[in-house]
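The values are calculated or read from the model by the stated rules, or taken from the named source; none is laboratory data. It should be emphasised that the depicted structure is a prediction, and the values quoted were computed from it without experimental measurement. Note that each Cβ is placed from the backbone with ideal geometry, even for glycine, and that neighbours are counted across all protein chains shown. Protein only, heavy atoms only, side chains kept; ligands, DNA and RNA dropped before computing areas. Shrake-Rupley method; radii C 1.70, N 1.55, O 1.52, S 1.80 Å.
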Amino acid sequence: MLLKGQVAVVTGGGRGIGRAIARRFAAEGAMVLVAARTAIEIESVAAEITAAGGKGAAVRADVSREED
């Protein structure tokens, strides 16, 4: 586990490459915070990570908005 004890923040993690990166980081032992604009997608990815035995959390955010 290359990333055990590390935290990874993956923006755009709800689908495509971001989803794959989030799942891979989790498989390598990282706690993964998945962020994107669409809550349902990132909640699904976080649930997949948790179901596989990893630690994942979802935060709805638009990185282009300073408030988020």
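The figures follow:
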{"item": "Identity of the residue in the stretch 50-62, in contact with a helix residue (DSSP H, G or I) (Cβ under 8 Å, 6 or more places away or on another chain) and under 13 Å from VAL10 (Cα atoms), that ends up most open to solvent (accessible area, probe 1.4 Å)", "result": "ARG60"}
{"item": "Candidates VAL32, VAL7, filtered to the one that is open to solvent by 50 Å² or more (accessible area, probe 1.4 Å) and among the aliphatic types (A, V, I, L, M)", "result": "VAL7"}
{"item": "Residue among ARG23, ARG19, ARG65 that alone is open to solvent by 50 Å² or more (accessible area, probe 1.4 Å), at pLDDT below 95, not aromatic (Phe, Trp, Tyr) and not in a strand (DSSP E or B)", "result": "ARG65"}
{"item": "Residue list for the stretch 1-16, filter: outside any loop (DSSP other than H, G, I, E, B) and of a type outside the set (A, V, I, L, M)", "result": "THR11, GLY16"}
{"item": "Members of the stretch 38-60 that are modelled with pLDDT of 95 or more, more than 16 Å from LYS4 (Cβ to Cβ) and not in a helix (DSSP H, G or I)", "result": "ALA57, ALA58, VAL59, ARG60"}
{"item": "Residue list for the stretch 1-20, restricted to those being under 14 Å from ALA58 (Cα atoms) and of a type in the set (A, V, I, L, M)", "result": "VAL7, ALA8, VAL9, VAL10"}
